[in-house]
1. Within the P(r) computed for region 229-301, what percentage of the Cα pairs occupies the region above 17 Å?
2. Suppose only helical runs count, i.e. DSSP H with n ≥ 4. What mean residue ellipticity at 222 nm does that imply for the chain under -39500 (n - 2.57) per run, divided by all residues and rounded to the nearest 500 deg cm²/dmol?
3. When you count, for each residue, the other Cβ atoms within 10 Å and take the mean per peptide, how do 249-259, 119-129, 167-177, 196-206 rank with the highest first?
4. Does a label point 7 Å from the Cα of residue 223, set along Cα-to-beta-carbon, have any residues of region 239-273 with amide nitrogen under 13 Å, and which are they?
5. Could you tell me what fraction of 2.2 N^0.38 Å the Cα radius of gyration of region 1-123 comes to, as a two-decimal ratio?
6. Would you mind putting 21-30, 301-310 in packing order, based on average other-beta-carbon counts within 10 Å, highest first?
7. Under Stokes-Einstein, with the Kirkwood radius over Cα pairs standing in for Rh, what whole-number D in µm²/s applies to the chain at 10 °C and 1.306 mPa s?
8. Going by average Cβ density within 10 Å per residue, which order do the peptides 54-61, 328-335, 270-277 take, highest to lowest?
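Every number here is computed from the coordinates shown, using simple stated rules; none is lab data. Keep in mind that this is a model prediction, so the values were computed, not measured. When we count neighbours, we look across all protein chains shown, and the Cβ atoms used for this are built from the backbone with ideal geometry, even at glycine.
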């Protein structure tokens, strides 16, 4: 069995012990070292072999963001999972960390020393496993390669007619993928976009705000009972389930405390299953990078409904190919597209400019 060697970095001895204990309970991973700050972490990384780093942000001597920058310019950059306090500042710093190259985030439930860290134990272990499978070269080069629009396996014409909706599901590596796609979408997109990005509560609003600043299309966190508008992107709030229903001639979002599905809240399957019930809409369902199978069943339901174009991110650019692969196994995928192809694909399908 391959064992994942983890370096645990936190300035609290209590937190280092707790995280190490969680890791060492797993048969496929080992807390192979700990460090009390960024400088200590870099010394440990230079001296030993590790597969994944869990990294606190606020630390003395050298903070997490500085250490992360240095880890990412190493000859062999390692996948890093940020373990961050759940504050507005923490969320902003975490998104900065993901820009630098961190692959995922786990929120400490009650501040820098969280006695109740066990509440996020399963999430932490899951994300360490996902991080161990990350294609770091693809991750650090996301969007840098210019890709021409190539249709891989067309089974349907590209243009849609009538009212349209777009659903996107993603997990590990998703924030960087969305940061590539959404700023490249045209403002006259004639469909609302609903997105599930696996993220803890508190982080999705910061993600939406950041994407909104960078995009010509409006990006916001979804709100309960809000009416969806064309040319607007709605991101499911972390810790809530997002579904969409038709009311008269409008689409209205439901944001609820419904239980996790596939271990996730928000869950891509919950969103996609609700979209599958919209019988008089043309739909595009897209599965991007992520570990696990969330979204595969929901995309199958959308396809079975009959007027859905199903898209999965290509293995060439998905930093974790689990979710796109599961979608391929579950249903007929119309297009396998690299990240660089997705903006032009969506613009060509859903922009008003084609229908003037």
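1. Roughly 44 percent, rounded to a whole number.
2. Values: 12 runs with 118 residues, N = 356.
Helix-only estimate at 222 nm: -9500 deg cm²/dmol.
3. 167-177, 196-206, 119-129, 249-259
4. Flagged as within label range: 253, 255.
5. Values: Rg = 13.2 Å, N = 123, 2.2 N^0.38 = 13.7 Å.
Compactness ratio reported: 0.96.
6. Numbers: 21-30: 15.4, 301-310: 19.5.
Sorting 21-30, 301-310 by mean packing, highest first, produces 301-310, 21-30.
7. On the way: Rh = 20.5 Å.
D, rounded to a whole number, is 77 µm²/s.
8. So the order, starting with the most tightly packed, is 270-277, 54-61, 328-335.
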